[in-house]
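Remarks on the structure that follows.
The values are calculated or read from the model by the stated rules, or taken from the named source; none is laboratory data. Because the structure is predicted, anything quoted here is derived from the model rather than measured. In this analysis, Cβ positions are derived from the backbone assuming ideal geometry, glycine residues included, and neighbour counts consider all displayed protein chains.
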Amino acid sequence: MVELIRTNDPVLLSWLQARLAEEGIHTIVLDAHTSVLEGSILAIQRRVMVAEGQIIGARRVLAEAEDIAQGKA
């Protein structure tokens, strides 16, 4: 497994997991419980992990998210 992104944005996490699942890319989110336990200071980000063989497709989906956030899509 390789890291795709680190974030505490719950909307991005949810959207990204749903889009990656649509593409048949399995994800694991690490540090979710630790992130919740540390409170509201957002010091520990959640890590979205994907299989090494699926990282190119996952990066394409992540680029789609960035385009949407910037109003390009």
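Among (1) at pLDDT 95 or above; (2) not in a strand (DSSP E or B), there is one condition L42 misses while meeting the rest; what is its number?
The one condition L42 does not meet is (1).
Across segment 7-26, what is the total count of residues that are in contact with a strand residue (DSSP E or B) (Cβ under 9 Å, 6 or more places away or on another chain) and of a type in the set (S, T, Y)?
Going through segment 7-26 one residue at a time, the tally reaches 1.
Which residue is farthest from the chain's Cα centre (by Cα), if the candidates are limited to segment 1-28 and must be at pLDDT below 95 and among the β-branched types (V, I, T)?
V11
So A58 clears everything in (1) at pLDDT below 95; (2) in a helix (DSSP H, G or I); (3) of a type in the set (G, A, S) except one condition, right? Which one?
With respect to (1) at pLDDT below 95; (2) in a helix (DSSP H, G or I); (3) of a type in the set (G, A, S), A58 is out only on (1).
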